[in-house]
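Just so it is clear, none of the values below were taken in a lab; they were calculated from the coordinates. It should be emphasised that the depicted structure is a prediction, and the values quoted were computed from it without experimental measurement. Glycine also receives a Cβ, built like all others from the backbone with ideal geometry; neighbour counts cover every protein chain displayed.
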Ligand SMILES: Cc1cc2nc3c(=O)[nH]c(=O)nc-3n(C[C@H](O)[C@H](O)[C@H](O)COP(=O)(O)O)c2cc1C
C-alpha cells in the first residue's frame, strides 16, 4: 500500500489535526473509528512514554491513525538571554500573582530521542512539522512500516520533504490555527493561503497533499478535494468537540469569537502561531521579535499562562485558533465528521448542478 491508497480508502477523507494541549488519544480514536485519520500529538510526550501511547492506540483500533512530532532542535539559551526574557515577563507574572520561573538546563523534549521512540513504536502514519527529516530518518520509519507526512508552508518546503522521501505533504495555509510550520523562509514569506498552497504544491510534487487551514465544515472539505487534495486536515473545527482537552476558559473564548478574531504572535512561545488575539499578544507585539526562540519562550511563559487560566483570565493565556474559528461547534468528534462528510456530498451535488455536470434535483 501507499499513503495515497490509505487516504483514498478512508471512508471519510478527513485528517484530525494533531493539537498539542488541545487534543489527545480519545479524539484520535473517535476520528479513526468514525472513518477519518485521527492524530495523536506526541510533541509533549517524553520519549519513554511514546511507545506506550502508540501501543495503547494500536490496541484500541485496527483503523489507521497518525502520530505527530514537532521537530525542535535542542536549545541552550545563554543565561543573559533567559534573564532578559524573564525581566520582560516580570510585570506579567506580577499581574497573575505567580513567581517567575527559574532558568532550566533543558527546554522542551529531546526530539532525537522522541523520533527514535516513535520509529520503534511504528504507528501507521507519522507526521512532522517545523523542519524536515533526513533521508535516513525517513527510511528508518519506512522500514518500520510507517508512512511519513511532512508539513509545508511553501512549495520549497514541500519539495524539501519530497526529496527526503516523504509519502505525503500536509500543506498548511496561513489561515491555520496554532504554530506555523515554516522552516525555510521567514514568516512573511511563509503565509500562503490554503487555496493557493494546495494547488501549487500539487503541481510541484508528485505526492498526495493533505490540505490544512481554515477548513471548518463540509464545504471546506469539498473545496479541499476539488483543489486536488487527498484529504482535509481540520484542527480548529474540533476545538469544541466532546473529546477536546483545551479547557473551559479557552473554549469560552472560542464560543464568543468575533468576525476576525485571530492574529499571529511570537510572544507566547518564540515561534509564530495563530490564535484569538488577547492583551498579551497586543502589548508584546513591539518586542516579540526579541523573545527567545521556541521552545524557550514557551517554557518561560508556561507558569504565567497556567496561572492566568486557573484564574479564568483569557488575556494572558494561549488561545490558538484558525481564521474561521467562528464556525466551530460542539459535538462528538465522530458525529461532527459524519456531519461534515454529508455536507461535503451536498456541496458536491450543488456544484454538479451549477456546472451542469448533473441535472438539478427535481
Ligand atoms: C490548538 C492547536 C494546536 C495545534 N498543535 C499542533 C501540533 O501539535 N502539531 C502540528 O503539527 N500541528 C498543530 N496544529 C496545527 C494543525 O496541524 C493544522 O495545521 C491547523 O489546525 C489547520 O488549520 P485550522 O485550525 O484552521 O483547521 C495545531 C493547531 C491548533 C488549532
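As a rough footprinting exposure proxy, the listed residues 255, 88 were ranked by other beta carbons within 10 Å of their own, and the order from fewest upward is 255, 88.
Could you line up 15, 299 from fewest to most neighbouring Cβ atoms inside 10 Å?
On the way: 15 31, 299 21.
The most exposed by this proxy come first: 299, 15.
The stretch between residue 184 and residue 61 holds 40.6 nm of extra length on full extension. This uses 0.36 nm per residue minus the Cα-Cα distance. A crude spin-label estimate for the pair residue 282 and residue 143, with each label 7 Å from Cα along the Cβ direction, gives 5.5 nm.
State the extension gain, in nm to one decimal, for the chain segment bounded by residue 349 and residue 52, taking 0.36 nm per residue of separation less the distance between their alpha-carbons.
Full-extension gain reported as 102.5 nm.
Kirkwood hydrodynamic radius of the chain, from the reciprocal of the average inverse Cα-Cα distance over all distinct pairs: 20.8 Å.
Please arrange 23, 2 by how many other C-beta atoms lie within 10 Å of their C-beta, fewest to most. All intermediate terms of the calculation are to be shown ahead of the outcome.
Numbers: 23 28, 2 12.
Fewest-to-most ranking of 23, 2: 2, 23.
So what's the back-of-envelope 222 nm ellipticity for the chain, counting only DSSP H runs of four-plus at -39500 (n - 2.57) apiece and dividing by all residues, rounded to 500?
Details: 13 runs with 150 residues, N = 362.
After summing the helix terms and dividing by residue count, I get -12500 deg cm²/dmol.
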